[in-house]
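The values are calculated or read from the model by the stated rules, or taken from the named source; none is laboratory data. Fair warning: this is a prediction, and the values are worked out from it, not measured in the lab. Note that each Cβ is placed from the backbone with ideal geometry, even for glycine, and that neighbours are counted across all protein chains shown. Accessible surface areas use protein heavy atoms only, side chains included; no ligands, DNA or RNA. Shrake-Rupley method; radii C 1.70, N 1.55, O 1.52, S 1.80 Å.
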Amino acid sequence: MAKRRSLQEDASSLKAKVTKSLASSDNPEGDSAIRSLRKRLRRVQRKVRTAKRREEHRKSKKVVAEA
């Protein structure tokens, strides 16, 4: 199996794809490909936020346990 990419790498590549598609498209609102890219980008950003929140919560639990 292939090595999985990090969520940050996915987000940055999707941002680049969206901006490239927006620049080349004459009707970005009606383009379904751009819409699906944006949806994927939002999904990845949501995953990044939840992972970050989970990591912060885990760190605070460690501090409480050590004290």
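Points worth noting:
- For segment 1-33, the set of residues classified as open to solvent by 50 Å² or more (accessible area, probe 1.4 Å) and β-branched (V, I, T) consists of T19 only.
- Residue match in segment 39-57 (condition: assigned to a helix (DSSP H, G or I) and modelled with pLDDT under 90): no
- Neighbours by Cβ (under 7 Å, 6+ apart or cross-chain): first from segment 11-39, over 27 Å from T50 (Cα atoms); second assigned to a helix (DSSP H, G or I): S21/A33; S21/I34; S21/L37; L22/I34; S25/I34; P28/L22; P28/I34
- Test: residue in segment 48-62 that is touching a residue at least 40 places away in the same chain (Cβ under 8 Å), closer than 22 Å to R5 by Cα and surrounded by 11 or more Cβ atoms within 10 Å (Cβ to Cβ): yes
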